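Participant: Dropping a structure here in structure tokens format, bear with me for questions.
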Amino acid sequence: MSGGEGENEKAGENSAIDIRGLSLTFETNDGPVQALSGIDLDVKRGEFVSFIGPSGCGKTTLLRIIADLERPTGGSITVNGVSPEAARLDRAYGYVFQAAALYPWRTIAKNVALPLEIMGLPKAEREKRIAENLALVNLAGFEKKFPWQLSGGMQQRASIARALAVEPELLLMDEPFGALDEIVRDHLNHQLLKLWAHTQKTVIFVTHSIPEAVFLSTKIIVMSPRPGRVTDVIECRFPHDRTLDFRETPEFLEVAARVRAGLRAGHSYED
């Protein structure tokens, strides 16, 4: 094997998501609607990547394609070196939705246990994973509570614990904190950053918030209005142990200004 071939193989092994020329057109009663066009993207293992753009730009659609919940009509995509379908069947990812989507008649422990029950794991292994992942999101002691007894932020933390319980290599998060107030959102952003540093998962995160994207990410993908295109890819080389105070630093504000400029360039502020 030549040195170049070895380097390419090593690069492939380090790739969590590889997207080339991806497009998606929906067929509707009013005719075809192009949701995504010409998406090229490479996400390395262990990165925290945020998608940001205006409503309707295809952020969630792209996330759903990665999760094999939508199928592209053009281009190619691999997830951990295999097709999205194969990755889904291998339970290679956990998905955290905009709403916590917890079953109100099941306790928090039993909500976290649900995918493990579906997987057919033994009771001892289920209980071990429930305890470990609730502890990770600071919900130890709330196992017997029902969702309606928890705040919105706590419910989303339970949803994250459920996603992590299947031990995925990839965590997909679709605006998980968008409905929460700013104080709770800030707190959960800081907790999520620590959780990511601890687990070293690859995270794909959809958001409308520039400060949230800049604070959390190692890479920010700026998208245009429909049809969604990648207009900028911004690297964030910040210390992993940053706190919320970091948002007041020149480095943070510089990246935030670039994201804002990228959104303006994509005409996301047009009526």
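The values are calculated or read from the model by the stated rules, or taken from the named source; none is laboratory data. Owing to the predicted nature of the structure, the values given are computational and were not obtained by experimental measurement. In this analysis, Cβ positions are derived from the backbone assuming ideal geometry, glycine residues included, and neighbour counts consider all displayed protein chains.
Participant: For Leu102, state whether it is in contact (Cβ under 8 Å) with a residue 24 or more places away in the chain, over 28 Å from Glu70 (Cβ atoms) and hydrophobic (A, V, I, L, M, F, W, C).
Facilitator: No, not satisfied.
Participant: Let me ask another. When you scan the range 237-257, do you find a residue that is touching a strand residue (DSSP E or B) at 6+ places or on another chain (Cβ under 7 Å) and either part of a loop (DSSP other than H, G, I, E, B) or among the basic types (Lys, Arg) (or both), even just one?
Facilitator: No, the range 237-257 contains no residue that is touching a strand residue (DSSP E or B) at 6+ places or on another chain (Cβ under 7 Å) and either part of a loop (DSSP other than H, G, I, E, B) or among the basic types (Lys, Arg) (or both).
Participant: Between a first residue in the range 139-150 that is modelled with pLDDT of 95 or more and among the hydrophobic types (A, V, I, L, M, F, W, C) and a second residue that is exposed (fewer than 12 other Cβ atoms within 10 Å of the Cβ) and in a loop (DSSP other than H, G, I, E, B), which pairs have beta carbons less than 9 Å apart while being 6 or more apart in sequence or on different chains?
Facilitator: Qualifying pairs under 9 Å: Phe146/Pro104; Phe146/Trp105; Trp148/Pro104.
Participant: When only residues in the range 170-190 that are touching a Phe, Trp or Tyr at 6+ places or on another chain (Cβ under 6 Å) and aliphatic (A, V, I, L, M) count, which is surrounded by the most Cβ atoms within 10 Å (Cβ to Cβ)?
Facilitator: Of everything passing the filter in the range 170-190, Met173 is surrounded by the most Cβ atoms within 10 Å (Cβ to Cβ).
Participant: Restricting to the range 52-89, give me the number of residues that are part of a helix (DSSP H, G or I) and β-branched (Val, Ile, Thr).
Facilitator: The number of residues fulfilling the criteria is 4.
Participant: Another question, then. Taking the residues in the range 132-146 that are part of a helix (DSSP H, G or I) and surrounded by fewer than 20 Cβ atoms within 10 Å (Cβ to Cβ) as candidates, determine which candidate is nearest to the chain's Cα centre (by Cα).
Facilitator: Within the range 132-146, the match that is nearest to the chain's Cα centre (by Cα) is Leu136.
Participant: Also, quick follow-up: Looking at Asp232, Asp245, which is the one that is more than 17 Å from Leu62 (Cα to Cα) and charged (D, E, K, R)?
Facilitator: Asp245
Rundown of residues vs (1) hydrophobic (A, V, I, L, M, F, W, C); (2) touching a helix residue (DSSP H, G or I) at 6+ places or on another chain (Cβ under 9 Å); (3) assigned to a helix (DSSP H, G or I); (4) modelled with pLDDT under 90, yes/no style:
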| site | (1), (2), (3), (4) |
| --- | --- |
| Glu7 | no, no, yes, yes |
| Ile19 | yes, yes, no, no |
| Gly38 | no, no, no, no |
| Val49 | yes, no, no, no |
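Participant: Could you list, in sequence order, all residues of the range 229-248 that are over 25 Å from Lys44 (Cβ atoms) and without any contact (Cβ under 8 Å) to a residue 12 or more places away in the chain?
Facilitator: Matches in the range 229-248: Asp245, Glu248.
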